[in-house]
Structures are given as C-alpha cells and as structure tokens.
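The values are calculated or read from the model by the stated rules, or taken from the named source; none is laboratory data. For clarity, every value in this text was computed on a predicted model and none was experimentally measured. Note that each Cβ is placed from the backbone with ideal geometry, even for glycine, and that neighbours are counted across all protein chains shown. Each accessible area value is taken on the protein alone, full model and side chains, heavy atoms only, with ligands, DNA and RNA left out. Shrake-Rupley method; radii C 1.70, N 1.55, O 1.52, S 1.80 Å.
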Amino acid sequence: MRKPFFIASFAVIVVLALLYYMEVQVPFWVTGLLLALIILGVRDSFQKSHAVIRNFPIVGHFRYMLEAIRPEIQQYFVESNTDGRPIDRNDRSVVYQRSKKQLQVLPFGTQEDLYAEGQEWVCHSMFPGPVDEDFDRVKVGGEQCTQPYEASIFNISAMSYGSLSKNAVMALNLGAAKGGFYHNTGEGGIAPAHLLGADIVWQIGTGYFGCRTKDGGFDRDLFQKKSQQEQVKMIELKLSQGAKPGKGGMLPGAKVTVEIAEIRGVPIGEDVLSPSAHKEFSDAAGLLNFIKLLRELSGGKPVGFKVCVGDKAQILDVFKEMDKSGIVPDFITVDGAEGGTGAAPLEFANAVGMPLKDGLSFVASLVEQFDLKKNIKIIAAGKSLTGFHLIRSFGLGADIVNSGRGMMLALGCIQALRCHSNHCPVGITTNNPSLMAGLEVSSKSQRVANYHSETIKVVQHLLSAMGKARPSDVRREDIFQRQSDGTYKTYAEVYS
Ligand SMILES: Cc1cc2nc3c(=O)[nH]c(=O)nc-3n(C[C@H](O)[C@H](O)[C@H](O)COP(=O)(O)O)c2cc1C
C-alpha cells in the first residue's frame, strides 16, 4: 500500500519542481507542508514497529490518534470494555503492553465490577511461597511414547500457513524459537517458514496437507519422512476447532499459489477442500489405531488429538475404547467454541460446540476417572490471553495453554476483522505481498517472544501469591465465580 504514497509524492515533487522552473510563486508554507508530509511518509514506510503506518504512510497515524482518544470518547457512548470486538479492550491492551515490554499496571485500582455476575477471581495465600524453577515446563509423552517432549505451559495455537501470511508465520516461528515455546503449524502443512528454529507441533487435519495422496487420502511415507524431522516435536490430529466444529473448510483456488500448492501437496490454482470428517477413520477404535500408527511412523513422538467438545457420549466412547484397546494418546487439546478462526459461518462461530471451561472440565474429569493423568496431558485453547486465563484453565485440569489470537495481537493485529477478505491492513491474515510487507518479521518476532515471557512471569507471580509451586497444584476449589444471586461458588461447585 506504500506504492500509491510514493507515486503521489513523486508527482508532488515533479509539480513543485515544474512550478519552480516556471517561476510560479507557491507560498512557502505550502511547499514546506508538502515536503514535510513526504518526509513523514518516507519515514513511515520504513519504520518497523507499526504495520498500519508502514502499509498506510501518513493516513495510518489517524488510527492511532483515534485509538489514543477512544477511551475518553468511548466512556460517553459505551458502558463496558467490550467494544463489539471478539477480544475485549482490557485483555488486548494487556497483550499489546506485554509484547512491547511496557509497564503493565492499572492506575487507581480495578475498573471491573467485582460483584457482577460471572466475575471470577482466585484467592491468594497468607503465606505466599516459592514457585518451582521449572514450573513453566511440562513433559508430554506417556508410556507408549519413546520421544517425550518438554513443552512450555504457554504456546502458539494452530493457525495454518495460508490463513496467516508468510511474514506472520515467520515472525511467530522466530518468536517461539527465541522464547523456547512451540509453534503449532495448523492444518495447512509444514512450510519453510515453520522451520526457522522453533519446536513445532505438526497438525494433521482432514485434508492431510503435506502427507496427502493424489485423491486426498493419507500418505504414510510422506508422513513418516516429514514427521521424523528434528524440529517436529509432537503430532496433533485435528478432529475439530471451536470456531467451526464439524465443518470442513475450503481454500479458494485464487489463494492456492505455487508455494501453498507445494506445501500442501495439492494442484496449483484449484480449490482445496478440507472435508468435515477424516477419511482414515470414522469411530473411536479407528481414531486410536490411527494415533498408534502416527506414533510408530514418527519414531515414537507424542501424538494427540484436538477437539471442541460436542456430543459428550462420543468423547466418553473414546475413553472406553482407550480402556479396552490400551491405546492412549499422549495429549488431548480441548478447543473452546469461543476460539478464533480466519473465517466461519455465524451459526458455527456462535452456536456450535462447547465453550472452553465446560469442555475442558468435562475432558479433565474423564482423564481423572479413567486414571490416565500420568499418560495424557491436557492442552486448552480459546480466548486465553492473560496470566489469569492460564491459571483458570490450570485449575480446570489443563497442563498447557495455547493461544491463537493472543499471539496475533502480539504480532500487531488491530482486530480489523478482515481475516476472511485477504485485506488484513497489518499483513497478518493475507497473502497480498504489499500488505504483508507491513509486517516486519524481526521486530514482530521479538514482540511475540516478549508477550510469552511477560505472561509466564505473571503466571509465576500469581502461583506464588496463591502459595502454589506449579500449575498442576491449582485446583477447582481455588477459583471463584460470582453467581446471578450475588453469592459466589468455586469452580469445583460450578464445573462438578
Ligand atoms: C487465523 C486463524 C487460523 C486458524 N487455523 C487453525 C487450524 O489450521 N487448525 C486448527 O485446529 N485451529 C485453527 N485455528 C484455531 C486456533 O488454533 C485456536 O484453537 C483458537 O483460535 C483458540 O482461540 P484463541 O484464538 O482465542 O486463542 C485458527 C485460528 C485463527 C485465528
């Protein structure tokens, strides 16, 4: 988007030069103003920290001016801190501050109504204690896994190459490499941008991208070869994601560039379908056998599945089948219906699948009930942006938390809600080269690493204040929720 600016600047300079040559008097302040704007625009086009200003020189500043005065104006028009955007204002400003390592304190105390229905809090201890040195690492891999992996408690959730731009994936991967946490590839295959040094979790969706036969089935040899790469630490089999559970996807032919076709193993320029169901299995026994196969082909790496809880009986069947067959996944990723996506039909985004807290507490109870805690780690995802969100999920039984849109905010996402249009103004969810150019990889990768390390620091402080040594010590009894009748209950009472 910088091109129009450079063309316009060139035109202005030519006109000014022509007028000067023709000795036409141009008021000094006009020349001065125009040249000052051009200098500002050139500076904007090459600065690295603001993608909007980089993509929209000069005019991009208006966005930040409005952003700066919005709270003052908004309080006259909007009651709560939700401004109609999926991620509310307080949570996203915390992410922005942490990604820039800015001071993250609230002046004058809380702005929340602590007596409002649904308000949640944890209770501190009178005797805060030390936190284990390795509180932020979790070993994933049960008895059937020969290459267990020490994962961070906070990581990048699955977001496919193609739904995100190349620069965004590169910045996420470099950020994860700097911070020592993993980067889930999403269902679009392993791209060169995923191999910049970070540990990766390879996600296998219904499209089997990257290990796909000509007719869209699963290619064992391709999978074996790629899964044995050193950077691949775990394999995640995707059954569903919260924002559009049970719904397949379609990548329009226009987005299937030479590069994406190569990565996914599909023909260039043709629409690519991700069916709603897997071809390789259609029941609990089939699912577990496929997990066993992926574990063997990958040389014993941890293998798990991602699901947004729908029909509870089906999940229970999978656990019963684990009991019967003895095949146990190494992790289960529970995605909340409030999770993000590049694009989803309204009904699916709003009304299909179980929200995170309900789905997570259900799966965690089954892991307890079937005595599988030593074998299965639980990963939670869905609007998890702050230290409190992580503690809350740990209290419900999660061992690890993944974030999708939190990491996008750290990359500079401004929630323009254009993810589905290829016109993302900050170059995150687009493969339009001129918009993508606005996202400067190295500075944004540092933002991602900062957001992670600052969030981990807050989790450490919260655990210490609660008198807990590590996340697995947090219990449902430690988290409180205000009820509609003004009383409060613990998560143990609410999610029993
Ligand atoms: C742009 C985008 C692309 C995504 N792509 C995938 C995907 O390929 N596979 C998947 O399982 N989930 C995908 N998701 C869902 C996230 O992995 C995650 O489960 C969900 O967004 C969690 O919620 P959060 O964004 O609030 O952290 C995507 C989400 C976004 C925002």
*Consider Ala177 carefully, then state whether it is of a type in the set (A, V, I, L, M), within 16 Å of the ligand (Cβ to nearest atom) and either within 21 Å of Pro425 (Cα to Cα) or in the same structural domain as His389 (by TED's automatic domain parsing) (or both).*
no
*Output the number of the condition that Gly186 fails; it satisfies all remaining conditions of (1) touching a residue at least 40 places away in the same chain (Cβ under 8 Å); (2) in a loop (DSSP other than H, G, I, E, B); (3) crowded, with 24+ Cβ neighbours inside 10 Å; (4) of a type outside the set (D, E, K, R).*
(1)
_Qualifying residues in region 311-323 (those that are charged (D, E, K, R) and over 24 Å from Lys139 (Cα atoms)) - the one least open to solvent (accessible area, probe 1.4 Å)_ = Glu321
*Filter region 383-403 for residues that are open to solvent by less than 20 Å² (accessible area, probe 1.4 Å), near the ligand (Cβ under 7 Å from one of its atoms) and assigned to a loop (DSSP other than H, G, I, E, B) and give the result.*
Ser384
*Residue list for region 122-167, filter: within 16 Å of the ligand (Cβ to nearest atom) and either aliphatic (A, V, I, L, M) or open to solvent by 60 Å² or more (accessible area, probe 1.4 Å) (or both)*: Ala151, Ile153, Ile156, Ala158, Met159, Leu164, Lys166
*Among the residues of region 256-264, is any polar (S, T, N, Q), assigned to a loop (DSSP other than H, G, I, E, B) and surrounded by 21 or more Cβ atoms within 10 Å (Cβ to Cβ)?*
no
*Quick one: which helices (runs of 4 or more DSSP H) lie wholly within region 304-374 and hold at least 1 residues that are at pLDDT 95 or above and of a type in the set (D, E, K, R)?*
312-325, 356-369
*Top-ranked residue of region 420-466 - restricted to ones that are of a type in the set (Gly, Ala, Ser) and part of a loop (DSSP other than H, G, I, E, B), ranked as nearest to Cys123 (Cα to Cα)*: Gly427
*Limited to region 414-431, what total is found for residues that are open to solvent by 20 Å² or more (accessible area, probe 1.4 Å) and either within 9 Å of the ligand (Cβ to nearest atom) or not aliphatic (A, V, I, L, M) (or both)?*
7
_Residue that is modelled with pLDDT under 85 and of a type in the set (A, V, I, L, M), where the choices are Val52, Val42_ = Val52
*region 265-295: number of residues that are under 19 Å from Met322 (Cα atoms) and surrounded by 14 or more Cβ atoms within 10 Å (Cβ to Cβ)*: 13
_Name the residue that is surrounded by the most Cβ atoms within 10 Å (Cβ to Cβ), counting only residues in region 324-353 that are within 15 Å of the ligand (Cβ to nearest atom) and without any contact (Cβ under 8 Å) to a residue 60 or more places away in the chain._
Ile332
_Among the residues listed as Ser421, Ser403, the single one being hydroxyl-bearing (Ser, Thr, Tyr) and more than 18 Å from the chain's Cα centre (by Cα)_ = Ser421
_Kindly evaluate Lys238 against the criterion of being in contact with an Asp or Glu (Cβ under 7 Å, 6 or more places away or on another chain) and within 11 Å of the ligand (Cβ to nearest atom)._
yes
*Enumerate the helices (runs of 4 or more DSSP H) found wholly within region 1-66, keeping only those where 1 or more residues are touching a helix residue (DSSP H, G or I) at 6+ places or on another chain (Cβ under 9 Å) and surrounded by fewer than 18 Cβ atoms within 10 Å (Cβ to Cβ).*
2-21, 28-46
*Please tell me if Asp91 is open to solvent by 60 Å² or more (accessible area, probe 1.4 Å) and either farther than 15 Å from Ile456 by Cα or at pLDDT 90 or above (or both).*
no
*Look through Lys247, Lys233, Lys214 and report the one residue that is more than 16 Å from the ligand (Cβ to nearest atom) and open to solvent by 50 Å² or more (accessible area, probe 1.4 Å).*
Lys214
